[in-house]
1. Based on this model, can you work out whether residue 7 counts as assigned to a helix (DSSP H, G or I) and surrounded by 15 or more Cβ atoms within 10 Å (Cβ to Cβ)?
2. Hey, could you check segment 10-35 for residues that are farther than 30 Å from residue 73 by Cα and surrounded by 11 or more Cβ atoms within 10 Å (Cβ to Cβ) and say which is modelled with the lowest pLDDT?
3. Scan segment 24-43 for residues that are part of a helix (DSSP H, G or I), over 16 Å from residue 58 (Cβ atoms) and in contact with a helix residue (DSSP H, G or I) (Cβ under 9 Å, 6 or more places away or on another chain) and jot them down.
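The values are calculated or read from the model by the stated rules, or taken from the named source; none is laboratory data. Given the structure is predicted, the values throughout are model-derived calculations rather than measurements. Neighbour counts run over all protein chains shown; Cβ positions are idealised from the backbone, glycine included.
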């Protein structure tokens, strides 16, 4: 039972990482450009999201293989679990 819960959490983590990467690569750059045109100071949480997105986009050669590796490891652990195979 415990491995099944850990496997489920690992799958959720993987889906979150994939979703956040898509958000950081596709949505935030357009969002950032539209907010620049307003000429107002952004809240700190938006600045944090933009900074993280910039790091992921600028260092894609590290962030993307890392995300892919986490996904592969997660799914290999889940599929090797006896609860899943039975």
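1. Considered against the rule, which asks whether it is assigned to a helix (DSSP H, G or I) and surrounded by 15 or more Cβ atoms within 10 Å (Cβ to Cβ), residue 7 comes out as yes.
2. 35
3. Once the filter is applied, which keeps residues that are part of a helix (DSSP H, G or I), over 16 Å from residue 58 (Cβ atoms) and in contact with a helix residue (DSSP H, G or I) (Cβ under 9 Å, 6 or more places away or on another chain), segment 24-43 yields 27, 31, 35.
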